Amino acid sequence: MKTRKDILRPIRKLVRSTCASFSPDSNGHSNCCYLSSNMIPQCVFYRDDGQYPEQLKAGKVRCQYFETHVLPVDPAMEIAYWGKHPDGEQGQAIGRCVYCGNSFTKRSNRQEFCLNCREQRTRKVNRERQRKKYWEDKGKILTI
């Protein structure tokens, strides 16, 4: 999981807008979470104590409800949160297809297309190569 500071702001926005267990101001507590297991009923993404930056960097700031129910609402945020494509294996990088623009799990560092577009792109390149070869061969026959 990658919970970096650059995605903390969109995570907080997503929590505020869609999380059912989040209350912006409840019983005098700011940013309350009804599912909080600790003594302070505060959402884990809104903590401001001294240990928070280290825990955030280490990826220890987690909320089970957020990960299972709120995060799938925004697929782009889910990819940024986990740091990989959700259907991929651990540690694989995320890529954006040059042809269709969808995200996919990269199998190599040079991969540019998703699996669906790769087949279409291969067929297109082969078709162009064969067309070029056809006209080159036809030109040789006519000039001889």
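Criterion first (touching a Pro at 6+ places or on another chain (Cβ under 8 Å) and modelled with pLDDT under 80) does Glu89 satisfy it?
Judged against the criteria, Glu89 is not a match.
Just checking, does region 28-39 include any residue being assigned by TED's automatic domain parsing to the domain that holds Gln64, within 24 Å of the chain's Cα centre (by Cα) and either at pLDDT 75 or above or assigned to a helix (DSSP H, G or I) (or both)?
No - not one qualifying residue is present in region 28-39.
Report yes if Lys60 is surrounded by fewer than 17 Cβ atoms within 10 Å (Cβ to Cβ) and at pLDDT 65 or above, otherwise no.
Yes: the conditions hold for Lys60.
The values are calculated or read from the model by the stated rules, or taken from the named source; none is laboratory data. Because the structure is a prediction, the values reported are computed rather than measured. Every residue, glycine as well, gets a Cβ built from its backbone with ideal geometry; the counts of neighbours run over all protein chains shown.
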